[in-house]
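Trainee: So that we are looking at the same thing, I have put the structure below in structure tokens.
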Amino acid sequence: MPMDPETFEQLLIGLISGLVGAVVGVIFGHILTIRIYKQRANSLELGFYSELELISNYFKSWLRNLNEEYLKPNRPSYSGFTEVDMTCIDALTIELVSVNKLLTKDQRELILNLKSKFLIIKSTDRQRDDNSQFNESNGCFYINTACSARMIIDVIEVIWYLNKLIESKNYFRIDESDSWENKAKEVFLLSGIDFNSNTWKTISIHIPQDNK
């Protein structure tokens, strides 16, 4: 039995509406998926730089202690290096790769250099312990100033590069053009320490020859 025109028209409208609804649903779902993907990527990136900022803040706080210990090496106690756990940074780096946000060559190189630098600081901290003397008569340590100076130099370098990475993000480049004095001035300012040129001269004597 032939379908009357009105019924055919209603059927056609129903089919078209269903098709349009399905297409709109697919498009909306795709847009929502992309939005969630981007939000996750942005959250991971934010977490990565927040973690670096926490590490930087730790070193800024420790630098204030190291500076005091260098200026006044006779004291009843002194600070030590707390090892930095990089597992969170490593995990975030892998997660960023999964959302197609790869670290740049300079960013990856800095992360590797930081891990090596932390080992150097740990070794120098141990040497400072071994070479600091305790005076039982006054209950004070005489802290080895050469070791304190070397740690101040290493910590300045860590903070300076971390600050550059956090500020520049994907535009970060490892740049050795700034002088050590400029690095020290900037880092001391960031750390809330008064910079003294004469004190810096005595500290800078301990900068390794291959790093000047």
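Trainee: When you go through Asn198, Asn113 one by one, which is the residue that is exposed (fewer than 11 other Cβ atoms within 10 Å of the Cβ) and out of contact with any Phe, Trp or Tyr (no Cβ under 6 Å at 6 or more places or on another chain)? Give the derivation first.
Mentor: Numbers: Asn113 fails: exposed (fewer than 11 other Cβ atoms within 10 Å of the Cβ).
Criteria check complete, one pass: Asn198.
Trainee: Right, something else. So how many residues does the stretch 55-75 have that are among the small types (Gly, Ala, Ser) and either crowded, with 17+ Cβ neighbours inside 10 Å or over 30 Å from Asn138 (Cα atoms) (or both)?
Mentor: Adding up the residues that qualify gives 1.
Trainee: Which members of the stretch 62-89 meet the condition of being in contact (Cβ under 8 Å) with a residue 40 or more places away in the chain and out of contact with any Asp or Glu (no Cβ under 8 Å at 6 or more places or on another chain)?
Mentor: Answer for the stretch 62-89, where residues must be in contact (Cβ under 8 Å) with a residue 40 or more places away in the chain and out of contact with any Asp or Glu (no Cβ under 8 Å at 6 or more places or on another chain): Trp62, Leu63, Arg64, Leu66, Asn67, Glu69, Tyr70, Leu71, Pro73, Asn74, Pro76, Ser77.
Trainee: Could you tell me which numbered condition Asn211 fails, if it satisfies all but one of (1) in contact with a Lys or Arg (Cβ under 7 Å, 6 or more places away or on another chain); (2) under 18 Å from Lys117 (Cα atoms)?
Mentor: (1)
Trainee: Kindly indicate the residue of the stretch 95-110 that is assigned to a helix (DSSP H, G or I) and in contact (Cβ under 8 Å) with a residue 24 or more places away in the chain and also surrounded by the most Cβ atoms within 10 Å (Cβ to Cβ) among those meeting that condition.
Mentor: Start the filter on the stretch 95-110 by keeping residues that are assigned to a helix (DSSP H, G or I), which leaves 95-98, 105-110.
In the following step, the residues that additionally are in contact (Cβ under 8 Å) with a residue 24 or more places away in the chain were identified as 95-96, 106-107, 109-110.
Details: Glu95: 17, Leu96: 17, Asp106: 17, Gln107: 19, Glu109: 12, Leu110: 21.
In this case the residue turns out to be Leu110.
Trainee: Identify all residues within the stretch 76-94 that are within 22 Å of Phe134 (Cα to Cα) and surrounded by fewer than 14 Cβ atoms within 10 Å (Cβ to Cβ); write none if there are none.
Mentor: Once the filter is applied, which keeps residues that are within 22 Å of Phe134 (Cα to Cα) and surrounded by fewer than 14 Cβ atoms within 10 Å (Cβ to Cβ), the stretch 76-94 yields Pro76, Ser77, Gly80, Thr82.
Trainee: Another question, then. Taking Ile159, is it touching a residue at least 12 places away in the same chain (Cβ under 8 Å), among the aliphatic types (A, V, I, L, M) and either closer than 17 Å to Gln107 by Cβ or in a helix (DSSP H, G or I) (or both)?
Mentor: Judged against the criteria, Ile159 is a match.
Computed from the coordinates by the stated procedures, all read-outs in this text should not be read as laboratory data. Model, not experiment: these values are computed from the prediction. Please note: Cβ atoms are built from the backbone with ideal geometry, for glycine as well, and neighbour counts cover all protein chains shown.
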